[in-house]
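Participant: This structure is in structure tokens; I'll ask about it shortly.
The values are calculated or read from the model by the stated rules, or taken from the named source; none is laboratory data. Just so you know, these numbers come straight off a predicted model, no measurement behind them. Cβ sites come from the backbone with ideal geometry, for glycine too, and all protein chains shown count toward neighbours.
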Amino acid sequence: MENSIIAEGKTTNEAIENGLKKLNVSRDKVDVKVLENEDKRSFFSILTPRVVKVEITIKEEKSNIKQVKKENILTKEEQEKAIKNIEEFLKDFVNNMPEGTTYEINSNESYINVEMNSEKLGFLIGYRGETLYSMQNILTSIAGKGIENKVRVILDIQGYKAKREKTLEELAEKVAKTVIKTKKPVKLEPMQAYERKIIHNKLQKNPKVETVSIGDEPNRRIVISLKNN
């Protein structure tokens, strides 16, 4: 298929439409350059048929292939060092927590997993997990001390993340039904990237709705709307 053609018409719009038909593409897929405008006619050309020429070029499509991030691999030594760093911090930290607070640390080559448990740690979770994620960032910085590789820490408190995931999946289904019924898009409240991913994943196979994230952090949010089939 040609990538660029010269099309003609009595008006600019007609010339563009003729070119789009020849290329079999939509208007948003091309760049248009007017070569001969209907407004620029000399005295001697008034009696001749009006012809507008445009050059239509198909835009270069951006590659849809996403660069795959190189997975950060932690050696056994690095995992042990990261765990030691976290333990040194948590031993003192837990002493200032409600009595009975416990923690467990596990690791693999991708991340360090930390779970804290107690019936009175709700204040460490905060509204929509804000405090939890702040503490996760602190533990990430502490875990990486003296380690060349980037260390990723995943923190959960009282099983909050599993409960939150279930809540968000139920919310996604409920809002999707509302969108299908009303045929109007729904904008959700701002969420953490981790939470937005749960919504996207839950609805990605839904044949009737689609999701998109809009706005800037920390106010980035999801809009659920009908698919344009």
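Participant: Search the range 96-120 for residues being among the aliphatic types (A, V, I, L, M) and touching a Ser or Thr at 6+ places or on another chain (Cβ under 7 Å), and hand back the single one that is modelled with the lowest pLDDT.
Facilitator: Checked the range 96-120; the qualifying residue modelled with the lowest pLDDT is 97.
Participant: So residue 147 ticks every box in (1) at pLDDT below 90; (2) in a loop (DSSP other than H, G, I, E, B); (3) out of contact with any Ser or Thr (no Cβ under 9 Å at 6 or more places or on another chain) but one. Which box is left unticked?
Facilitator: Unmet for residue 147, out of (1) at pLDDT below 90; (2) in a loop (DSSP other than H, G, I, E, B); (3) out of contact with any Ser or Thr (no Cβ under 9 Å at 6 or more places or on another chain): (1).
Participant: Looking at the range 192-220, which of the residues that are among the aliphatic types (A, V, I, L, M) and surrounded by 18 or more Cβ atoms within 10 Å (Cβ to Cβ) is farthest from residue 127 (Cα to Cα)?
Facilitator: Top of the filtered list is 209.
Quick grid of which residues meet (1) over 30 Å from residue 149 (Cβ atoms); (2) touching a Ser or Thr at 6+ places or on another chain (Cβ under 8 Å); (3) surrounded by 10 or more Cβ atoms within 10 Å (Cβ to Cβ); (4) modelled with pLDDT of 85 or more:
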site: 1; (1), (2), (3), (4): yes, no, no, no
site: 13; (1), (2), (3), (4): yes, no, yes, no
site: 24; (1), (2), (3), (4): yes, no, no, no
site: 30; (1), (2), (3), (4): yes, yes, yes, no
site: 35; (1), (2), (3), (4): yes, no, yes, no
site: 46; (1), (2), (3), (4): yes, no, no, no
site: 61; (1), (2), (3), (4): yes, no, no, no
site: 71; (1), (2), (3), (4): no, yes, no, no
site: 75; (1), (2), (3), (4): no, no, yes, yes
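Participant: Quick one: residue 223 ticks every box in (1) without any contact (Cβ under 8 Å) to a residue 40 or more places away in the chain; (2) in a helix (DSSP H, G or I); (3) surrounded by 14 or more Cβ atoms within 10 Å (Cβ to Cβ) except a single one, so which number is it?
Facilitator: Only one criterion is unmet by residue 223, namely (2).
Participant: Then there is this: Looking at 93, 89, 123, which is the one that is loosely packed, with under 12 Cβ neighbours inside 10 Å and modelled with pLDDT of 90 or more?
Facilitator: Answer to the selection: 123.
Participant: Of everything in the range 160-172, what is touching a strand residue (DSSP E or B) at 6+ places or on another chain (Cβ under 8 Å) and either touching a residue at least 24 places away in the same chain (Cβ under 8 Å) or acidic (Asp, Glu) (or both)? Give them in sequence order.
Facilitator: 172 - this is the single residue of the range 160-172 that is touching a strand residue (DSSP E or B) at 6+ places or on another chain (Cβ under 8 Å) and either touching a residue at least 24 places away in the same chain (Cβ under 8 Å) or acidic (Asp, Glu) (or both).
Participant: Before we move on, is residue 201 in the same structural domain as residue 105 (by TED's automatic domain parsing) and either touching a Gly at 6+ places or on another chain (Cβ under 9 Å) or within 28 Å of residue 113 (Cα to Cα) (or both)?
Facilitator: Considered against the rule, which asks whether it is in the same structural domain as residue 105 (by TED's automatic domain parsing) and either touching a Gly at 6+ places or on another chain (Cβ under 9 Å) or within 28 Å of residue 113 (Cα to Cα) (or both), residue 201 comes out as no.
Participant: Another one. State all residues of the range 199-229 that are over 11 Å from the mean Cα position of the chain (by Cα) and closer than 13 Å to residue 175 by Cβ; if no residue qualifies, say none.
Facilitator: Within the range 199-229, 202, 203, 206, 208, 209, 210, 223, 224, 225, 226 qualify.
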